[in-house]
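First the structure, in the form of structure tokens, and then the observations on it.
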Amino acid sequence: MKAKKVSVAYMWLAIVFVTCLIASNMFEAKLLSLGPFSITAGLLCFPISYIIGDVTTEVYGFAAARRVIWAGFAMNFFVVALGGVATMLPAPDFWQGAEAFNFVFGLAPRIACASLTAFVTGSMINSWVMQKMHEVHGEKYFSLRAIVSTLAGEGADSLIFFPMAFGGTMPANELAKMMVLQIFLKTLYEVIILPVTIQVVKAVKKLEN
């Protein structure tokens with residue numbers, strides 16, 4: 001049986017997607033102050049995974065995007081499992097970083113469970129909306145598809161992730177404000193970087209004929 005070939009462009013999109021997903025889960029343990037509001041450091045790179053999802057869906061279709069999403073799910077779970085083992089193994093007495101390490105990776109199982117549930121749901125919704133709008137509009141209105149699909153995906157993601165990851169660890173009103181702010185900032189992130197996304201889509205389509 002002849003093996004299926006995977007294009008270099010598709011491979012790199014998948015690598016960047018998985019890297020951003022895993023990095024964002026590690027960064028979620030860090031809360032940042034934004035004036036009177038709080039956000040998670042995962043905001044630095046998590047929206048990139050949605051942008052990659054848009055590009056993958058637009059160029060290769062929903063089935064190809066779904067494969068990348070499940071690969072991200074599997075690798076994220078793998079890293080969390082290894083982190084859990086690392087926290088349980090004994091550290092030498094002279095090492096001063098054990099508490100900080102265990103704090104980050106001790107949160108990882110809860111954050112990862114929340115993230116994996118939210119991520120699969122949000123990413124699938126993002127790609128599904130992107131694909132359905134593509135079927136209706138064809139090659140037109142990519143910018144609209146990207147923004148609407150991100151709003152749908154990021155909205156679902158945040159509504160699932162934050163209560164699961166941080167419920168009981170902060171006041172409910174702070175949690176609600178964080179959720180709304182993150183949806184807004186993640187969507188704004190995509191809007192700002194949209195010209196770059198459009199050029200990437202064009203370049204990959206040209207490369208893949």
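Please work out the ratio of the alpha-carbon Rg of the chain to 2.2 N^0.38 Å and round it to two decimals. Let's see the in-between values first.
Values: Rg = 18.2 Å, N = 209, 2.2 N^0.38 = 16.8 Å.
Output field value: 1.09.
Where does the chain land at 222 nm, in deg cm²/dmol rounded to the nearest 500, when only DSSP H runs of n ≥ 4 count, each adding -39500 (n - 2.57), divided by all residues? Don't skip to the end; give the middle numbers.
Numbers: 6 runs with 163 residues, N = 209.
It lands at -28000 deg cm²/dmol.
Can you tell me how region 55-174 classifies by the Cα gyration tensor, rounded, prolate or oblate, using a/c under 1.5 as the rounded cut? Intermediate results must be reported in sequence, preceding the final value.
On the way: a/c = 3.68, a/b = 2.06, b/c = 1.79.
Prolate shape, in that a/c is at least 1.5 and a/b is the bigger ratio.
Given a 1.4 angstrom probe, I'd like the percentage of the accessible area of region 27-101 that is carbon and sulfur, rounded to a whole number.
On the way: 2920 of 4040 Å².
C and S fraction of accessible area: 72 percent.
Past 26 Å, Cα to Cα, is the threshold; run 140/206; 5/140; 30/205 against it and keep the listed order.
Table pairs above 26 Å Cα-Cα are 5/140; 30/205.
When the gyration tensor of region 1-44 is built from Cα positions, what are the square roots of 5 times its three eigenvalues, in whole Å, from largest to smallest? Let's see the in-between values first.
Values: eigenvalues 262, 17, 5 Å².
Equivalent ellipsoid semi-axes, largest first: 36, 9, 5 Å.
How much accessible area per residue does region 10-117 have, counting only protein heavy atoms and a probe of 1.4 Å, in square angstrom? Please report the intermediate quantities before stating the final value.
Working: 5440 Å² over 108 residues.
Computed with neighbouring chains in place, this is 50 Å² per residue.
Quick one: putting +1 on the C-beta of Lys and Arg, -1 on the C-beta of Asp and Glu, what dipole do you get for region 50-209 around its Cα centre, in Debye to the nearest 20? Can you show the working numbers first?
Working: 11 positive and 11 negative charges, 91 e Å.
Once rounded to the nearest 20, the dipole reads 440 debye.
How much of the pair distance distribution for region 1-120 lies past 21 Å, counting alpha-carbon pairs only, in percent?
Considering region 1-120, 48 percent of its Cα-Cα pairs are separated by more than 21 Å.
The values are calculated or read from the model by the stated rules, or taken from the named source; none is laboratory data. Predicted model, so just to flag it, every value in this text is computed and none were measured. Neighbour counts are summed over all protein chains in view; Cβ atoms, including those assigned to glycine, are modelled from backbone coordinates with ideal geometry. Just so you know, the surface numbers come from the protein's heavy atoms only, side chains and all, with ligands and any DNA or RNA stripped out. Shrake-Rupley method; radii C 1.70, N 1.55, O 1.52, S 1.80 Å.
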